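Shown next, in structure tokens, is the structure this report addresses.
Read the figures in this text as sums done on the coordinates, not as results from a lab. What you are looking at is a predicted structure, and each value in this text was computed from that prediction instead of being measured. Every residue, glycine as well, gets a Cβ built from its backbone with ideal geometry; the counts of neighbours run over all protein chains shown.
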Amino acid sequence: MTTPTQLFTEISSQGELKITLDEVKMPTPKPHEVVVEIQAAPINPSDMWPMFGPADLREASLSGNTLSAPVHKGMLPRIKSRLDQKLPIGNEGAGIVVAAGEDPKAQALIGKMVAVLSGATYAKYCCVPIQAVMLHNEGTTALQAASSFVNPLTALSMVETMRQEGHKALVHTAAASSLGIMLNKICMAEGIELVNIVRKQEQVEILESLGAKYICNSSSDSFKKDLYLAIEETGATLAFDAIGGGELVSDILTAMEMVGSKDATGFNTYGSADNKQVYIYGGLDFSPTTLNRAYGMTWSIGGWLLMRFLGKLDIKQVLAMHKRVADEIDSTFKLDFSAELTLAEVLEPKNIAAYNAKKTGEKYYVNPSK
Ligand SMILES: NC(=O)c1ccc[n+]([C@@H]2O[C@H](COP(=O)([O-])OP(=O)(O)OC[C@H]3O[C@@H](n4cnc5c(N)ncnc54)[C@H](OP(=O)(O)O)[C@@H]3O)[C@@H](O)[C@H]2O)c1
């Protein structure tokens, strides 16, 4: 077989990150597996930690097909399970099935456009079990299908979490993200009130142009008042926070509590009885989460991860989500990428600085077949 290329990451116990572009043989699929020739694989925020870990990218250097960067020794105990192992990268991607195992369900996928969730998509060929495949409709391109799992399923699962946990509206932060745009479209289609928190005026404008009703700009002097009013109108008691660091989680809970207690009379020692829940589902800001605990005693903050949530759903529900994503890939789940990179270009420090900035409207993808 040919010698496709693939990106790998390794952090040594001496404190050095190396990302290499290697030649690997085309995998041979097991009976229930397919091999996908990847044509487009997004570089999402959730790819950064597997790729770079806590390496100091300001010190990164490229030599041939190897990117190196130091990792502070004090960080190594936090990542000891991955030390000295060469690991594949790339959470998701899309392309054509070019080989399949003997299982008829695998064989039926040959020649089809699919998206995959694998952890090894920054590679020309990606071998996955058929359960990790989302079949796309005829006519869908790899670029359209590239972002089928991470953000679309998370946005759908946020709404599902809201329903399961008995909330009626949502608050979302970093809300002009690719995911935030999908979530707005889902909420509008399903009549769910969504309070969007952004940090810049241009992000307000992006969401306004989509038709979003509640947009609060955390840079505005009236932010806390705006947030209170939006939560009062929507009755939101559940928030998904992509940022993590700083006081925003606390501000959201404070606003929810102020709304919940606004009609309280007499002693209100323990605050409102409705549960106020914030899930921190991203780490856009690694600084500490500061809690000012002025929100009574009925609140929770938790972590939230797509794969663990999907694992609790009935398989029929997951497959229904797959079908919706495939059917609405060019509307609800449409993502306009800003730039294409080859596997080699992923390693260039100037490109790393650009995609690692995770800026609004700047989503890169890798084309390993280029
Ligand atoms: N837990 C899970 O299972 C799961 C699944 C999917 C996605 N996620 C998370 O979802 C988030 C969004 O992903 P995406 O692919 O949609 O992102 P994206 O399109 O790359 O957009 C990132 C957004 O975050 C904003 N941002 C970056 N740093 C920020 C900060 N420190 N404070 C406030 N805003 C900041 C950016 O705004 P600026 O232009 O102003 O920087 C931009 O609007 C990520 O945190 C990702 O890790 C989690």
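Key figures
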{"item": "Convex hull volume per residue for the chain, taking Cα atoms only, in Å³", "result": "147 Å³"}
{"item": "Amide H contacts under 5 Å for Gln39, placed H, 5+ residues apart", "result": "Ala94, Gly95, Ile96"}
{"item": "Whole-Hz ³J(HN,Hα) from phi, Karplus 6.51 cos²θ - 1.76 cosθ + 1.60, for the range 55-67, glycine and proline x", "result": "4, 8, 6, 5, 9, 5, 9, 10, 9, x, 9, 10, 9"}
{"item": "Rounded to the nearest 20 debye, dipole of the range 72-125 from Cβ charges on Lys, Arg, Asp, Glu", "result": "380 debye"}
{"item": "Normalised per residue, the volume of the convex hull around the Cα set of the range 127-283 (Å³)", "result": "146 Å³"}
{"item": "At most 11 other Cβ within 10 Å, DSSP loop - GluC sites (Glu not before Pro), the range 52-115", "result": "Glu102"}
{"item": "Residue-span extension gain [Arg58 to Lys316] - 0.36 nm each, minus C-alpha spacing", "result": "88.3 nm"}
{"item": "Residues Val278, Val171, sorted so that the one with the fewest Cβ neighbours within 10 Å comes first", "result": "Val278, Val171"}
{"item": "Amide hydrogen neighbours beyond the local backbone of Lys363, cut-off 5 Å, H modeled", "result": "Ser338, Ala339"}
{"item": "Residues Val195, Val71 arranged by fewest to most Cβ contacts within 10 Å", "result": "Val71, Val195"}
{"item": "Relative contact order of the range 84-133, pairs being alpha-carbon contacts under 8 Å that are 6 or more residues apart, as %", "result": "41 percent"}
{"item": "Amide hydrogen neighbours beyond the local backbone of Val195, cut-off 5 Å, H modeled", "result": "Leu170, Val171, His172"}
{"item": "Per-pair calculated FRET efficiency, R0 = 30 Å: Glu232 and Thr269 via Cβ, rounded to 0.05", "result": "0.85"}
{"item": "Protection proxy ranking, peptides 211-220, 250-259, average beta carbon neighbours within 10 Å, highest first", "result": "250-259, 211-220"}
{"item": "Calculated [θ] (222 nm, deg cm²/dmol) that DSSP helices of n ≥ 4 give over the chain, each run adding -39,500 (n - 2.57)", "result": "-8500 deg cm²/dmol"}
{"item": "Among Ser157, Val195, Ser219 - extreme Cα towards positive end, dipole of the range 90-232, charges at beta-carbon", "result": "Ser219"}
{"item": "Mean-position separation - Cα centroids, the range 116-143 and the range 288-330, in angstrom", "result": "23 Å"}
{"item": "Cα centroid of the range 31-50 to Cα centroid of the range 331-346, whole Å", "result": "13 Å"}
{"item": "log₁₀ of I(q)/I(0) at q = 0.16, 0.17, 0.19 Å⁻¹ - the range 224-355, Debye sum with one point per alpha carbon", "result": "-1.01, -1.05, -1.12"}
{"item": "Listed residues Tyr125, Ile181, His167: farthest to the positive end of the dipole of the chain (Cβ charges)", "result": "Tyr125"}
{"item": "Flagged links, alpha-carbon separation over 26 Å, of Lys73/Lys370; Lys276/Lys312; Lys334/Lys370; Lys18/Lys112; Lys168/Lys363", "result": "Lys73/Lys370; Lys18/Lys112; Lys168/Lys363"}
{"item": "Antiparallel content of DSSP bridges confined to the chain, in %, to 5", "result": "60 percent"}
{"item": "Span-rule helices in the chain, defined as complete DSSP H runs reaching 24 Å or more along the axis (Cα) with Kyte mean at least 0.5", "result": "none"}
